[in-house]
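Only the coordinates and a few stated rules stand behind these numbers; no lab work does. This structure is a prediction, so every number in the text was calculated from the model and none was measured. Cβ: placed from backbone, ideal geometry, glycine included. Neighbour counts: every protein chain shown.
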């Protein structure tokens, strides 16, 4: 996409990597003081993440009524 503006692939990749590094640094710089102000720790964050992860539930089979059992026989 950047090649349309005369940017070669290597410079475009380097720009993308640096941009991501700046975003992560900004998130840490802004997020850490907020965590400290809230009194949260990394352990608290990990526990929250673990508790919000999707869980697979077993499908419960409902008991068959006697009329359904007779219909299948």
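Mind checking the full-extension length gain between residue 13 and residue 56? Use 0.36 nm per residue of separation minus the Cα-Cα distance, one decimal, nm. Display every interim value, and only then the final one.
Details: separation 43, 0.36 × 43 = 15.48 nm, distance 3.84 nm.
Gain on stretching residue 13 to residue 56: 11.6 nm.
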Legend entry - Cα→Cβ-extended label distance, 7 Å offset, between residue 48 and residue 27, nm: 1.4
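So how much slack lies between residue 5 and residue 38, counting 0.36 nm per residue of separation and subtracting their Cα-Cα distance, in nm? Let's see the in-between values first.
Details: separation 33, 0.36 × 33 = 11.88 nm, distance 4.50 nm.
Taking residue 5 through residue 38 to full extension adds about 7.4 nm, to one decimal.
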